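Working notes, beginning with the structure itself.
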Amino acid sequence: MLVIDNPAGVAAPVGAYSQVARVDVGTGALLFLSGQIALSDDGELVGAGDMAAQATRVFELIGALLAAHGAAFGDVVNIRTFLTDMSMLPMYGQVRRTVFTGAPPTSTTVEVSKLFRDGALLEVEVVAAVAS
C-alpha cells in the first residue's frame, strides 16, 4: 500500500528524505513528492538569481519524478510553492503555466525568509493522483 522511492534516473535526494511516497488507494495511487529546488544532477544550484531558470529546473525534476511513477503534470491535484521573494511570483507563474496547460491544480503559494540551500529562490512540492 505504501512505497517510498528514490527513482533511478532522477538525482538522489540531498538529505535524509525520500523523493516520492506512493500510496495505493483503490484502483489508483496518490504520489506525494518532496519539495524540489533547482539543483543539477551533481547537486549544484541551477540559475543563481534567475527565477525563470530555477522554476524551469524545478519542473524538470518534478516531471521526471512523476514520469518514474507513470504520471504527468495533468495528474497533479495539488501544488505548494515556497518563494523567497513574492515579487518574483509573475516570473514563476509564466514558467508554471507552460507545464500546467489544462485545468490548474489546487494551489498554495507562500513567501518564506529562506530555503535550505543558499541562493534557492523557490521550492515546489506536488501531490498527484494516478491510475494503477
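The values are calculated or read from the model by the stated rules, or taken from the named source; none is laboratory data. What you see is a predicted model; the values in this text were computed from it and never measured. Backbone-built Cβ (ideal geometry, glycine too); neighbour counts: all protein chains shown.
Assess whether VAL58 counts as being in contact with a Lys or Arg (Cβ under 9 Å, 6 or more places away or on another chain) and either surrounded by fewer than 15 Cβ atoms within 10 Å (Cβ to Cβ) or assigned to a helix (DSSP H, G or I) (or both). Talk me through it step by step, then tell me what you get.
Details: in contact with a Lys or Arg (Cβ under 9 Å, 6 or more places away or on another chain): no; either surrounded by fewer than 15 Cβ atoms within 10 Å (Cβ to Cβ) or assigned to a helix (DSSP H, G or I) (or both): yes.
No.
Residues checked against (1) assigned to a loop (DSSP other than H, G, I, E, B); (2) free of Cβ contacts under 8 Å to residues at least 12 places away in the same chain:
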{"site": "GLY49", "(1), (2)": "yes, no"}
{"site": "GLN54", "(1), (2)": "no, no"}
{"site": "PRO90", "(1), (2)": "no, yes"}
{"site": "VAL130", "(1), (2)": "no, no"}
Please go through segment 92-128 and give me each residue that is of a type in the set (A, V, I, L, M) and touching a residue at least 60 places away in the same chain (Cβ under 8 Å), ordered by number. LEU115, ALA120, LEU121, LEU122, VAL124, VAL126, VAL127, ALA128
Please tell me if ASP42 is surrounded by fewer than 14 Cβ atoms within 10 Å (Cβ to Cβ) and more than 24 Å from SER107 (Cα to Cα). yes
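Determine, yes or no, whether PRO90 is within 15 Å of ALA71 (Cβ to Cβ), modelled with pLDDT of 95 or more, out of contact with any helix residue (DSSP H, G or I) (no Cβ under 6 Å at 6 or more places or on another chain) and not hydrophobic (A, V, I, L, M, F, W, C). So that I can check it myself, show each step before the final result.
Numbers: within 15 Å of ALA71 (Cβ to Cβ): no; modelled with pLDDT of 95 or more: yes; out of contact with any helix residue (DSSP H, G or I) (no Cβ under 6 Å at 6 or more places or on another chain): yes; not hydrophobic (A, V, I, L, M, F, W, C): yes.
For PRO90, the condition - within 15 Å of ALA71 (Cβ to Cβ), modelled with pLDDT of 95 or more, out of contact with any helix residue (DSSP H, G or I) (no Cβ under 6 Å at 6 or more places or on another chain) and not hydrophobic (A, V, I, L, M, F, W, C) - is not met.
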Name the single residue that is nearest to GLY26 (Cα to Cα) among those in segment 102-132 being modelled with pLDDT of 95 or more and polar (S, T, N, Q). THR106
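Being of a type in the set (A, V, I, L, M), touching a residue at least 24 places away in the same chain (Cβ under 8 Å), in contact with a strand residue (DSSP E or B) (Cβ under 8 Å, 6 or more places away or on another chain) and over 24 Å from ALA131 (Cβ atoms) narrows it down to one residue among LEU30, LEU83; which is it?
Working: LEU30 fails: over 24 Å from ALA131 (Cβ atoms).
From the options LEU30, LEU83, the qualifying one is LEU83.
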Take the residues in segment 1-39 that are in contact with a helix residue (DSSP H, G or I) (Cβ under 8 Å, 6 or more places away or on another chain) and in a loop (DSSP other than H, G, I, E, B), then tell me which one is surrounded by the fewest Cβ atoms within 10 Å (Cβ to Cβ). GLY9
